[in-house]
């Protein structure tokens, strides 16, 4: 695969995080759906939102793996944990523990290591 220029690679990594955010929001919709009785209107709407977001994610993900090395794309996707934790706090008012933070820091360090040229 032809390596993108540094500026182009930075843009692709930012775009990758946008795609990962969409993926993490699909998980938010799943959690919202779980708060309602099965097949109730709110459940169906939240589930439909999840399916829509997953469809958008799938199309955009295909574009990302076409343009980035697979190892870089999957390392960037690991940051979905960070976005999920952010949504857990902001949307669902959940608490995060010290171990959650340590785990996310480890994931971020790993992502930086994978994305750093030798």
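Summary of computed values
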read-out	value
Contour minus Cα-Cα distance for residue 99 and residue 43 (0.36 nm per residue)	17.0 nm
Rounded Å value of the spacing that divides the Cα centres of segment 52-110 and segment 20-42	17
Helix 80-90 vs. the chain, principal-axis angle (Cα, 0 to 90°, nearest 10)	40
Where labels lie 7 Å past Cα in the beta-carbon direction, separation of residue 56 and residue 7 in nm	2.9
Using alpha-carbon coordinates, inclination of helix 6-34 to the longest axis of the chain, degrees	20
Label-point gap, in nm, between residue 69 and residue 14 - each point 7 angstrom along Cα→Cβ	2.3
Folded to 0 to 90 degrees: helix 98-115 orientation relative to the chain principal axis, Cα	40
At R0 = 25 Å, FRET efficiency that the Cβ-Cβ distance of residue 90 and residue 30 yields, to 0.05	0.90
Protection proxy ranking, peptides 41-53, 76-88, 95-107, average beta carbon neighbours within 10 Å, highest first	76-88, 41-53, 95-107
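FYI, it's all coordinate maths here, none of it is from the lab. All figures in this text were calculated on a predicted structure; none of them were measured in a lab. Here Cβ is always computed from backbone atoms with ideal geometry, including for glycine, and neighbour counts include all displayed protein chains.
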